[in-house]
Amino acid sequence: MISRPVVIAGGGIGGLATALTLHQIGVPCLVLEAVREMRPLGVGINLQPNAVRELQDLGITEAELDRIGVPAREWALVGLNGHDVYSEPRGRMAGYHWSQYAVHRGRLQMLLHEKLIERIGPQALQTGARVVGYRRASAGGVAVQVAHANGAHDEIHGSLLIGADGIHSAVRAQMHPHQAPINWGGSIMWRGVTWAKPIRSGASFVGLGTHRQRVVFYPISPPDPNTGLAMINWIAEVTWDHPDEKMLNGWFRQVPTDSFLHHFADWTWDWLDVPALIRGAEYAFENPMIDRDPVPGWVDGPVALLGDAAHAMYPTGSNGASQAIVDARVLGAVMCEAGATPEALAQYDARLCGPISKLILRNRGAGPFGLLNLVDERCGGNFDHIDEVIPAAERDAFMADYKAAAGFAVESLNRAPPTIPPGARVAEHPIAAERLRAEG
Ligand SMILES: Cc1cc2nc3c(=O)[nH]c(=O)nc-3n(C[C@H](O)[C@H](O)[C@H](O)COP(=O)(O)OP(=O)(O)OC[C@H]3O[C@@H](n4cnc5c(N)ncnc54)[C@H](O)[C@@H]3O)c2cc1C
């Protein structure tokens with residue numbers, strides 16, 4: 001038995017997916033979560049087919065995902081004139097072997113939490129435990145410095161530390177003390193959920209407007225059989241030319257819908273009433289669209305970054321949560337080969353840090369919404385037929401390129417073997433076995 005657990009800082013989607021993966025391959029772990037109580041916070045997020053595949057390999061079924069969201073059928077961009085710019089099927093309808101899901105972020109987190117308690121036990125998660133730093137222990141491994149909600153401080157010894165502590169990561173701040181401050185390009189997003197009739201395919205992701213001002217909306221529940229209404233997740237977004245740095249304080253601040261509705265007052269078409277959609281929400285969250293500049297590496301000896309701590313991205317690509325899940329699975333895969341060791345962390349870094357750092361910068365440049373930039377540049381948003389502005393082949397090539405970079409190109413994902421072979425265990429590998437023997 002490995003005597004010291006892998007310590008995971010943060011019980012978000014990334015941290016919990018890591019804990020479930022480590023348990024699956026036989027590595028003991030302990031999750032330290034800063035909040036006192038796990039609660040289903042946030043609104044909608046997308047799980048791309050590559051992440052749904054990994055969740056299913058973790059034993060989370062489609063029936064369980066159906067309880068917290070809906071399989072997406074379509075992804076569409078619409079111009080301000082109400083005409084389609086681009087649309088394509090998604091998930092199984094696009095030929096993937098796995099669905100794409102639109103889910104409630106908090107309910108996904110709670111599902112993973114429930115699995116952790118069921119499979120590993122309540123001792124695997126300490127809440128009210130904020131990781132504030134780490135030091136390499138002289139006897140090997142890592143001493144993790146923890147501030148508890150009751151005011152106590154202590155050190156917890158682990159074989160490794162995985163920093164899955166989000167965009168404001170304390171682990172990353174220590175690993176990269178000279179990192180650039182949070183990057184904000186001047187966009188503010190307001191997010192909410194409204195019960196309304198789903199449009200188009202009934203499970204469509206729609207991005208409407210320009211790259212500087214748009215709404216994005218998609219259902220995150222099936223329609224109620226009695227009313228026909230579904231929970232529609234919406235994001236209303238405006239970009240300022242001269243951003244006021246004070247707005248950066250508003251990280252996930254609850255605001256009344258009246259405070260921003262005027263930006264979208266005349267956004268009505270015969271098939272959509274954006275002001276009504278916004279007004280229908282009980283409350284909205286305001287948050288600036290922020291990310292972090294890529295760092296040269298995610299690993300410092302026995303310590304690695306994962307999820308938003310490693311690669312906080314603009315949500316334009318809808319892949320932050322998906323990538324956190326994929327990170328966890330790649331970490332598990334390298335541990336199956338090299339044990340729960342710093343060598344495995346170095347392999348994880350070599351596989352992911354370079355390509356995902358490029359994806360951060362690509363999402364900053366509007367990600368797949370870049371097609372809306374092209375429409376604006378070429379015709380100022382006025383068009384009758386999109387083919388006359390951006391030929392179909394160019395639109396398709398643009399999207400195929402993005403999906404390949406984000407790791408969910410259909411053929412390569414379908415062809416790829418499982419990230420972690422079924423039944424793989426960490427101790428089966430000689431390096432891991434040697435380390436296990438050394439640890440007694
Ligand atoms: C409250 C909340 C609501 C969100 N809502 C949305 C949303 O509606 N839509 C969307 O697209 N994205 C949302 N996100 C971001 C989204 O969840 C992430 O981009 C994605 O899931 C990657 O997850 P992660 O686990 O890496 O980071 P996060 O989801 O940020 O999780 C990090 C976890 O670490 C904990 N933590 C932070 N610092 C420490 C520390 N020093 N020690 C121990 N624990 C720590 C946090 O409490 C959190 O539980 C939200 C994030 C949070 C925290």
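Give the relative contact order (percent, whole number) for region 309-364; include only Cα pairs under 8 Å separated by 6+ residues.
51
Assigning unit charges at the beta carbon (Lys, Arg +1; Asp, Glu -1) and nothing else, what dipole magnitude in debye, to the nearest 20, does region 330-394 show about its Cα centre?
Using only the charged Cβ atoms, the result is roughly 320 debye.
Can you give the local net charge around MET93? Use residues other than it whose beta-carbon is closer than 13 angstrom to its beta-carbon, Lys and Arg +1, Asp and Glu -1.
With Lys, Arg at +1 and Asp, Glu at -1, the neighbours total +2.
Would you mind telling me the share, in percent, of accessible area of region 279-359 contributed by carbon and sulfur at probe 1.4 angstrom?
51
Along the charge dipole of the chain, Cβ charges K/R +1 and D/E -1, which of VAL238, SER159, ASN414 sits furthest on the positive end?
In the chain, that residue is SER159.
Evaluate the charge dipole of region 1-70 about its Cα centre and quote only its size in Debye, nearest 20, assuming +1 on the Cβ of each Lys and Arg and -1 on the Cβ of each Asp and Glu.
240
Which ³J(HN,Hα) values, rounded to whole Hz and listed in residue order, are derived for region 383-392 from phi using the Karplus coefficients 6.51, -1.76 and 1.60 in 6.51 cos²θ - 1.76 cosθ + 1.60 with θ = phi - 60°, glycine and proline given as x?
8, 9, 10, 4, 4, 6, 9, 10, x, 3
Long-range amide H contacts for TYR314: which residues qualify at under 5 Å (H placed 1.01 Å from N, peptide plane, sequence gap of 5 or more or a different chain)?
Distant-sequence amide H within range of TYR314: ARG364.
Using a simple charge model, +1 on the beta-carbon of Lys and Arg, -1 on the beta-carbon of Asp and Glu, nothing else, what dipole does region 55-195 show about its Cα centre, in debye to the nearest 20?
It works out to roughly 260 debye.
Under a plain spin-label model, where a point goes 7 Å from the Cα along Cα-to-Cβ, how far apart in nm are ASP258 and ALA397?
Output for this residue pair reads 5.1 nm.
The values are calculated or read from the model by the stated rules, or taken from the named source; none is laboratory data. Just so it is clear, the model here is predicted, and its values are computed rather than measured. In this analysis, Cβ positions are derived from the backbone assuming ideal geometry, glycine residues included, and neighbour counts consider all displayed protein chains. Keep in mind that these areas ignore ligands, DNA and RNA; they rest on the heavy atoms of the full protein, side chains included. Shrake-Rupley method; radii C 1.70, N 1.55, O 1.52, S 1.80 Å.
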